[in-house]
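Heads up, the thing below is written out as structure tokens.
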Amino acid sequence: MWHSEVNAQTPILRAAITGFNVINTLDPAKASLIPEFYIIYGVFNSLLKFNEKMEISPDLAENFSIVDPKTLEFKLRKGIKFHDGSDFSADDVKFSIERVLEEKTASPNRGKLQSISNITIVNTDTIRIETKAPFAPLLNYMTNTRTATQIVSRNALKSMGEEAFGKNPVGTGRYRVKDWKSGEMIELTGFAGAFEGAPKIMNVRCPMIAEESSGMTAILGNQVDLTSTAPFADITTLEQKPDIRVIKQAGLNTRYIALNNKKAPFDDVHFRRAVSMAFDRNVLVKAVIFGEGVATPGILPPSMWPDNKPAVSDWVNFNPERAKAEFAKSKYKPGQEGTVLTWGSNWWRRIGEIFVGQVNQVLGTKLTVQASDFNAAYARAKAGDYEAMVMGWLGFVDPDEFMGEMVGSKGFRNIHFYASDKMDILLEKGRMELDPVKRKLVYRDAELLMLEDMPLLPCFTSNVHNLLRANVNGFVQLPYSNFADQFGSVQIG
Amino acid sequence: MVFAVGMTRQLLGRLGGVFILALLGSASVFFAMRMGAGDPAIAALGDFATPEAIAAFRTKWGIDQPVVLQYWKWLLNALQGDFGTSMTIAANVPIAKLIASRLPNTMFIGLLALTIAVLISLFAGTLSVLRHGQLVDTVATSLAILGISMPDFWLSYVLIYIFALGLGIFPSYGFVTPPESFSAALYCGFLPALAVAAPMAAAFTRILRTALLETLHREHVRVARSFGFRASFIFIHYVMRNALIPYVTVVGLQIRYILGGTVVVERIFGVPGIGALMVDAAFARDYPVVQACALTFLIGVLSVNLIVDFVCAALNPREIT
């Protein structure tokens, strides 16, 4: 296996998927788990992608134009081949996106694309996407991220069938899947005919290492060259190792405490605000993720729009006096009980424990933590059988994926039972506003409204990390946690 | 003749017992899994799955049907040797294939661990009796207490830090399966096996030491001594043989923990074994995989118990009825 050939003649990139070991499918329309996309990024291309400055740039489309507020036109590159040697064309684009929209595909990402009304092939290398209304997130959703809009080979999918395609995907990316052992490893082999050029290292092995700490010992012991994550607690130590390089940046993620707005005690806005002012988010950053992140005053990660001034509200500043005053306005008294669901064994769990400790100290409440695993906690939250829960989302690129889904009345991630007409109107405005500057202002208003109503308690954004052996070059990290899209330009030595 | 009939009757009775226990065990695992919170659809489709996608998933896997009916269907298929396919950790992969590829790795590490533990204990146990009360005995007894008290995950990391990252003798992560290369499997498997073996070696050493000391002062040994047999002859034929009965029982009892005991160690060292498979499946609510793993464990443990009983009977024929 991958261990025994460490010193083999042909160069091999050993890129470990750490913290996860489940990959069920590599069909972009069906994929949902982060490690599934780690690989999909390298096997497929989308119409667009993000460059190293997180600007939208060409991928399978060489350029695009906004025909009118409801119509985007993409000019496709010519002469692109799929892994099976067949030609890429506008047919494949239309097929791939329409497939995500079809109900029977049951794509987890279907909801994101539902504003699309029509996809027209203008000619073999031009395609138009029309939406029912102006839809600002559309360009972001056409990138090679967790969007399901990666372009698959129509013929290959039709002839293989969905299930087989999910195991042996045919795309245009710089790597193909060579071997796949469930829960253990995925092996990739370079695609010499890739339009982005043949990869520098043709053989890649991706062992799946469930324990992050084992991923760390693996790279320290030179069993792997690169990891997809790193344990927060060990970053400082790792940064001092001469043979390891830690690359990190503020991630596109948000960590917060979800509240059930329909159930005592978080059904009272004064209580929610009081709790929000009763804990110090900076303490969480220090104690939970060892300083590897920043406290956030809202839902949107600061790295989404680095130049943007965040919404400012006192409701998220630690202030015991104001917290107590606000608590007095609520219908609850000191001694109030409540349960915070928390999960996992390490830092996720500490969020709940430290939060509860601080709030109880300031307000005299008797909140407690109940620990289980994510699946159990989330199933309860979805069913409304909870009061508060430690939560987080990561790897999304559009503000609507965060705010629309979390606080929109119909959002899939709205487990708070929060519904506000004012909020829905703002979120709709955010979806329709094509001017980026104006769009930012809409989301700032939405954040301020969210902080007034406090349906959830924003806590912090954490850094994303990759560990590299010191001789590994060419991997460019992006804040949404990219991975295999970079393998093609990686060099060892 | 009587001996053989007794053995056969006992064996058949025990096999029947194994079958009934396996049935009860599988039912309790099945219903316990379904009663616990959690949802396979969330595990498979991720946290942003649409309601339609979740509904489609439930229908596809039949988990929208009454639980009793689901169990009945599972049982009918299982009795025909069909464990179905994985739902959430290796979608659509036949479970029999998953277990067939994972179980040998767990058994390899387990047997390697058992061998290490038996070798260490035979050596340390005997030595500490022969040097009873001396420094060697104290050291062996202290190490045994340490071995029993050390959690396996901690010991695993200690071994990695010393032998892999520090001395660089062994790999810090990864495994080569025995069919690929037996020597590489021994090499990669040594540290995980040692981590699994440590508590066992400690338990074995203690029981062997106690049993040997006890037997040493029994009457038949004194009689043997009065015959003027050589000390080494007496130790091997009169002391060791009798002391081996409790020893083998304890070794047998510990074998059942090999399967479960490797769970954490497998994850830390990256050994693709059945313990890690079951844990992953449980977290992802992959009901049929958990079910099949549990049944494998159960049958494994019951078979080991059976074998241990018969080995003990063979060592001590007096107890056969």
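Any read-out appearing in this document is the output of simple, stated calculations on the displayed coordinates, not a laboratory observation. Owing to the predicted nature of the structure, the values given are computational and were not obtained by experimental measurement. Virtual Cβ from ideal backbone geometry, glycine too; neighbours counted across all protein chains shown.
So here's what we get for this one:
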quantity: Order of A:F327, B:F227 under a 10 Å beta carbon neighbour criterion, fewest first; calculated: B:F227, A:F327
quantity: Contact order normalised by residue count of chain B, Cα under 8 Å, 6+ apart, percent; calculated: 26 percent
quantity: Added length on full extension, which subtracts the Cα-Cα distance from 0.36 nm per residue, A:N473 to A:S57; calculated: 147.5 nm
quantity: Mean separation of Cα contacts under 8 Å, 6 or more apart, over the residue count of the stretch A:253-463: relative contact order %; calculated: 36 percent
quantity: Counting DSSP beta bridges with both ends in the protein assembly as shown, the antiparallel % (nearest 5); calculated: 75 percent
quantity: FRET E, pair B:T59, A:S159, Förster distance 30 Å, beta-carbon r, rounded to 0.05; calculated: 0.70
quantity: The stretch A:45-159: relative contact order in percent, alpha carbon pairs under 8 Å with at least 6 residues between; calculated: 32 percent
quantity: Cβ-based exposure ranking for A:T236, A:T149, in which fewest neighbours within 10 Å come first; calculated: A:T236, A:T149
quantity: For chain A, radius of gyration divided by Kirkwood radius, i.e. Rg to Rh on alpha-carbons; calculated: 0.98
quantity: B:D309/B:L167 FRET efficiency (R0 45 Å; Cβ-Cβ; nearest 0.05); calculated: 0.60
quantity: Environment charge of B:A224, counting only residues whose C-beta is closer than 11 Å and scoring Lys/Arg +1, Asp/Glu -1; calculated: +3
quantity: Order by protection proxy (mean Cβ within 10 Å, highest first), peptides B:128-134, A:10-16; calculated: A:10-16, B:128-134
quantity: Label-point gap, in nm, between B:L79 and A:S409 - each point 7 angstrom along Cα→Cβ; calculated: 5.4 nm
quantity: Chain A, helix-only ellipticity at 222 nm - DSSP H runs n ≥ 4, -39,500 (n - 2.57), divided by all residues, nearest 500; calculated: -8000 deg cm²/dmol
quantity: Under 16 Å from the A:I121 label point (7 Å along Cα→beta-carbon), backbone N, the stretch A:55-77; calculated: A:74-77
quantity: Calculated FRET value between B:A37 and A:S345, using beta carbons and R₀ = 22 Å, to 0.05; calculated: 0.80
quantity: Whether the stretch A:45-159 is rounded, prolate or oblate, judged on the alpha carbon gyration tensor where a/c under 1.5 counts as rounded; calculated: rounded
quantity: With at most 10 neighbouring Cβ atoms within 10 Å, loop GluC sites (Glu not before Pro) (DSSP) excluded, longest segment of chain A; calculated: A:56-493
quantity: Local net charge near A:F20, Cβ-Cβ under 11 Å (Lys/Arg +1, Asp/Glu -1); calculated: -4
quantity: Flagged links, alpha-carbon separation over 24 Å, of A:K262/A:K366; A:K104/B:K97; A:K81/A:K200; A:K81/B:K97; A:K286/A:K440; A:K248/A:K438; calculated: A:K104/B:K97; A:K81/B:K97; A:K286/A:K440; A:K248/A:K438
quantity: Of B:A284, B:A55, B:A140, the one that fluctuates the most in a GNM where chain B has Cα springs shorter than 10 Å; calculated: B:A55
quantity: Inter-site label distance for A:F417 and B:L213 at 7 Å from Cα along Cβ, in nm; calculated: 6.4 nm
quantity: Whether the stretch A:361-493 is rounded, prolate or oblate, judged on the alpha carbon gyration tensor where a/c under 1.5 counts as rounded; calculated: oblate
quantity: Highest-MSF residue in chain B out of B:P178, B:P51, B:P272 [GNM, Cα springs under 10 Å]; calculated: B:P51
quantity: Peptide A:208-221 - average C-beta neighbours from other chains (10 Å radius); calculated: 6
quantity: Least to most buried among A:I116, A:I186 (fewest other Cβ within 10 Å first); calculated: A:I116, A:I186
quantity: Charge sum, other residues only, whose C-beta stays under 15 Å from A:R99's C-beta, Lys/Arg counted +1 and Asp/Glu -1; calculated: -2
quantity: Inter-chain shielding of A:95-107 (mean C-beta neighbours from other protein chains, 10 Å cut-off); calculated: 2
quantity: Computed lengthening from A:I66 to A:Q361, 0.36 nm per intervening residue step minus Cα-Cα distance; calculated: 100.7 nm
quantity: Residue of B:L159, B:L277, B:L167 that the Gaussian network model of chain B assigns the largest fluctuation, springs spanning Cα pairs under 10 Å; calculated: B:L167
quantity: Computed helical MRE - 222 nm, chain B, DSSP H runs ≥ 4 contributing -39500 (n - 2.57), nearest 500; calculated: -25000 deg cm²/dmol
quantity: Neighbouring partner chain Cβ atoms per residue of A:160-172, average, 10 Å criterion; calculated: 1
